[in-house]
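Novice: Shown below is the structure under consideration.
Rule-based calculations on the coordinates, nothing more; no lab input. Worth saying up front: this structure is predicted, and the values here are computed from it rather than measured.
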Amino acid sequence: MSKKGKSKRKKEKVRYIDDGRTIADMSGVSSARYTRRDGQPRASLKAQWKTYCAAVRMMFVPMLVVLGIITLAFLITYVLL
């Protein structure tokens, strides 16, 4: 007689608990295109454009610094080779 059946253990069921750290709330997916989660309409194109312009203004100086570093590295490599 073989003891195959006796040596197998019962697999524990994994229980997931929602801790609220999800990336997006998927409860209102069907209407997510037109409204936000709290039921208000999405921002207008003008408001989105203002936000985009503000973000570009905030990243302009760091972008110039990075471009300067890349240019300097290119010039040093060009002179050495």
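Novice: Using each residue's phi in the stretch 60-69, evaluate 6.51 cos²θ - 1.76 cosθ + 1.60 at θ = phi - 60° and report the 3J(HN,Hα) Karplus result to the nearest Hz, with x for Gly and Pro.
Specialist: Values, residue by residue: 5, 5, x, 5, 5, 5, 5, 4, x, 5 Hz.
Novice: On a full-extension model of 0.36 nm per residue, what is the gain between Leu64 and Arg15, subtracting their alpha-carbon distance, rounded to one decimal in nm?
Specialist: Stretched out fully, the Leu64 to Arg15 stretch lengthens by 12.6 nm.
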